[in-house]
Amino acid sequence: MSNAQAKTSGVSRNPVLAPLPTRSVLVVDDSRMQRKLLKASLARWGYEVTEADSGQSALEICAEFEPDMVISDWMMPGMDGLQFCKAFRALERENYGYFILLTSKSEKDEVAKGLDNGADDFLTKPVNSAELRARLTAGDRILEMQRELTEKNRLIKSTLDELQSLYDSIDSDLVEAKKLQQSLIRERHRDFGSAQVSLALHSSGHVGGDLVGFYRISKTRIGLYAIDVSGHGISSALMTARLAGYLSSTVPEHNVAIEEGPDGCLRPLPPAKVISYLNYLVLEEMETEHYFTLLLADVDLETGRVRMAQAGQPHPLLQRADGTIQQEGPGGLPVGLIHGAEYEEFEARLNPGDRLLIFSDGIVECPSPEGRLLEEKGLEGMMRNLHETTGTAALEALIWKLSEYAGEQDFPDDVSAILLEYQGFSDTQNLPEHQKPSNI
Amino acid sequence: MELTSEVSGEMQIVRVDATRIDAAAAIRFKDMMREITGSDVPHVVLDLSKVEFIDSSGLGAIVAAMKQLGSTRRLDLAGLTPMVDRVFRLTRMETVFTIHKSVEAAKAVYAD
């Protein structure tokens, strides 16, 4: 800012009576006497004067240097003042040149013709010295304004260039950040034998505030989490990275949802308790304006029982083997808003062929080009159509359908989902590790 | 976004004249709420009947506006439109705010 001010502070319009700055004036007239008269006045007022005796030689001079102003007679043999003016305007110049035509009579149609051909002002012969000076001063104001404008444009352009390069460096930084954020999701799909887990994450910008993931707790238990940090910019993305650190590991020291049981085996903590604890952590230990919604699920691979708690995240969608769909849940306060928030648990029983879709509000709140939100009903329709499609293909198809719904526009919010597909626990999966089929 | 305020007795009604409280409006909303609720009227009712959409940032801003009032003053909500009602039920905001069907209903409560 101070730099910009320094650059423009010297630019102020000259009051009319102040001494004129040194400007160059090209005087074009076939009459030597007329040139001499004009030159005398101009030189007295401090102008640098160059002379030309014809339009043609004036053009040659203009090829050599740029006079600030031109005073040209209209009636000249060969190229007349009007033709010269036209040619003068066609020249490539750095700055505007102010053109005054000298006429013997100022008839209206003549003046109009002159203006049409690019003249800025007129002087009638014989030239009155006071009038000449006044016209020059007027021209000077125009040139000064033009100079100011050029200077300001230059400033704007250099500022724009600076912004562009800043933007470029932020952009390339964000591209890297995006790679890092995507690496928070190490696997898009895992086969747990009796169940398949697939993940999808699509940020609306380079980086986003959504995060989905899973962790194995024991042979028969896995955990799933879907997080949506408020906002979807850089700070939201940083928050997801921090939260990933609390939930993604498979050891109790680095995962707030796992504990070691008395038998030394790892077991899940109740999802509602875990969310309450995260709420405490965010409010007490993180200095942030952000909060997040979360759905945390504890999946029993053996029985198909899914125990969940929901902190403002949309209700999960349960699709039975026969295609029927339910979307229910008790809801819950988002994490990091209210001290001492408590959460309710709820359950889904998956039978073989059933599947559970956990997703962020970016899906149900995705608008159509007319601004109509997809809502639960719209998602239900999409999942019904995708009944036969499974795994990551189902999620990819869902995002594809969603972008069809959104039309030309990008998703306004981050979109993420977890698909848990339950096949049922077969006896071979109960076999001790060394007797298991090798694909598990 | 505009907020208009009307005080009657113990109650101040703040009407939100906007169809969205989203990330773009959240900070301004919070600041305007701080200004407009600067007096010490004990019950502030936020009239959301014109608001059709509230995103996570908007929700955060409403909670922040409640916290700004401190522990002795209350922020109630009134006139939730269907979409806003859906978000508020999902996030169990009824455990945090008293929610009235309409401003008239809120007036009836605080008239006594």
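The values are calculated or read from the model by the stated rules, or taken from the named source; none is laboratory data. None of these values were measured; they are calculated from a predicted model. In this analysis, Cβ positions are derived from the backbone assuming ideal geometry, glycine residues included, and neighbour counts consider all displayed protein chains.
Tabulated data for the structure shown
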{"read-out": "Which numbered condition A:GLN326 fails, given (1) outside any loop (DSSP other than H, G, I, E, B); (2) within 13 Å of another protein chain (Cβ to nearest Cβ)", "value": "(2)"}
{"read-out": "Residue in the range A:124-131 that is surrounded by fewer than 18 Cβ atoms within 10 Å (Cβ to Cβ) and assigned to a strand (DSSP E or B) present", "value": "yes"}
{"read-out": "Hits in the range A:331-372 (condition: surrounded by fewer than 22 Cβ atoms within 10 Å (Cβ to Cβ), basic (Lys, Arg) and either facing chain B (nearest Cβ under 9 Å) or in contact (Cβ under 8 Å) with a residue 12 or more places away in the chain (or both))", "value": "A:ARG349"}
{"read-out": "Options A:SER230, A:SER218, A:SER248, A:SER235; residue that is touching a His at 6+ places or on another chain (Cβ under 6 Å) and either surrounded by fewer than 23 Cβ atoms within 10 Å (Cβ to Cβ) or under 30 Å from B:ILE21 (Cβ atoms) (or both)", "value": "A:SER230"}
{"read-out": "Residue match in the range A:217-226 (condition: part of a helix (DSSP H, G or I), farther than 12 Å from A:GLY336 by Cβ and either of a type in the set (Ser, Thr, Tyr) or touching a helix residue (DSSP H, G or I) at 6+ places or on another chain (Cβ under 6 Å) (or both))", "value": "no"}
{"read-out": "Options A:ALA321, A:ALA309: the member that is aliphatic (A, V, I, L, M), away from every other protein chain (no Cβ under 14 Å) and either surrounded by fewer than 18 Cβ atoms within 10 Å (Cβ to Cβ) or under 13 Å from A:LEU224 (Cα atoms) (or both)", "value": "A:ALA321"}
{"read-out": "Residues satisfying the stated conditions in the range B:1-28, i.e. under 10 Å from B:LYS50 (Cβ atoms) and either touching a residue at least 40 places away in the same chain (Cβ under 8 Å) or under 12 Å from the mean Cα position of the chain (by Cα) (or both)", "value": "B:ARG15, B:VAL16, B:ASP17"}
{"read-out": "Pairs where the first residue, in the range A:289-301, is more than 7 Å from A:GLY223 (Cα to Cα) and the second is among the polar types (S, T, N, Q), C-beta under 6 Å, 6+ apart", "value": "A:HIS290/A:SER230; A:TYR291/A:SER230; A:THR293/A:GLN313; A:LEU294/A:GLN313; A:LEU295/A:GLN310; A:LEU295/A:GLN313; A:LEU301/A:SER194; A:LEU301/A:THR220"}
{"read-out": "Boolean, A:ARG188 is of a type in the set (Lys, Arg) and either free of Cβ contacts under 8 Å to residues at least 40 places away in the same chain or closer than 22 Å to A:GLY245 by Cα (or both)", "value": "yes"}
{"read-out": "The listed residue being assigned to a strand (DSSP E or B), aliphatic (A, V, I, L, M) and within 20 Å of A:GLY205 (Cα to Cα), out of A:ALA348, A:ALA417", "value": "A:ALA417"}
{"read-out": "Residue in the range A:288-306 that is farthest from the other protein chains (Cβ to nearest Cβ), counting only those that are of a type in the set (Asp, Glu) and under 29 Å from A:GLY231 (Cα atoms)", "value": "A:ASP298"}
{"read-out": "Residue among B:THR98, B:THR81 that alone is touching a residue at least 24 places away in the same chain (Cβ under 8 Å) and away from chain A (no Cβ under 14 Å)", "value": "B:THR98"}
{"read-out": "The range A:227-250, subset of a type in the set (A, V, I, L, M) and part of a helix (DSSP H, G or I), residue nearest to the chain's Cα centre (by Cα)", "value": "A:ILE234"}
{"read-out": "The range A:270-301 - residue that is part of a loop (DSSP other than H, G, I, E, B) and at pLDDT 95 or above and, of those, surrounded by the most Cβ atoms within 10 Å (Cβ to Cβ)", "value": "A:LEU301"}
{"read-out": "Subset of the range A:193-214 [in contact with a strand residue (DSSP E or B) (Cβ under 6 Å, 6 or more places away or on another chain) and not aliphatic (A, V, I, L, M)]", "value": "A:GLN196, A:SER198, A:HIS202, A:GLY209, A:ASP210, A:GLY213, A:PHE214"}
{"read-out": "Criterion: within 10 Å of another protein chain (Cβ to nearest Cβ) and either buried (at least 20 other Cβ atoms within 10 Å of the Cβ) or farther than 30 Å from A:LEU374 by Cβ (or both) - qualifying residue of B:VAL51, B:VAL87, B:VAL41", "value": "B:VAL87"}
